[in-house]
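Peer 1: Just dropping this structure here.
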């Protein structure tokens, strides 16, 4: 007996008899990434990105869900970033607008010399706080208009029938509309 006859020969199985690959389910990360893309985009983006690398050929299912989560998260983040940048540059939140409009509203309830003086001071203070040049100029213009109105009221004296000149009232109206245009969303 030879040594070759005692060594067992390897057996080969035909390819048709190979065991089929087990079917794997959809990636939980891909599903979670897509859900969080709608609820909280930064987490959705991270989960979807991880899921893209863990899914694909021969791996778990769900690559399409992961890609959809990435796309929606990226669009949401881009939109949110745009809104934040626009609001940071907005004139509506300018301290000059906030304080100036408050001064106008406070002074509108009673128009006498003392109230006008307080409104003029508040408008000048608002102009000093303004971050935008056009807001500053609008607040100063209205303060100047109110100063002219106060001077006209002083010149009229105690005569209650004395009406302020129409040109001053027109300037106040025009400058007030300019402030509304600058300091109101959608105006």
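Peer 1: Could the peptides 45-55, 165-175 be put in order, highest first, of the mean number of other beta-carbon atoms found within 10 Å of their residues?
Peer 2: 45-55, 165-175
Peer 1: Right, something else. I want to check the label-to-label distance for residue 148 and residue 102. Put each point 7 Å from Cα in the C-beta direction and report it in nm to one decimal.
Peer 2: Using points 7 Å along Cα→Cβ, the separation is 2.8 nm.
Peer 1: Compute the relative contact order of the range 41-187 as a whole-number percentage, counting only Cα pairs closer than 8 Å that sit 6 or more residues apart in sequence.
Peer 2: In percent, rounded to a whole number, it is 20.
Peer 1: Label point 7 Å out from residue 128 along Cα-to-Cβ: which residues of the range 98-122 have amide N under 13 Å?
Peer 2: The answer is 121-122.
No lab work stands behind these numbers, since they all come straight from the coordinates. The shown structure was predicted, so the numbers you read here are calculated from the model rather than taken from an experiment. Heads up, the Cβs are rebuilt from the backbone with ideal geometry, glycines too, and the neighbour counts pull from every protein chain shown.
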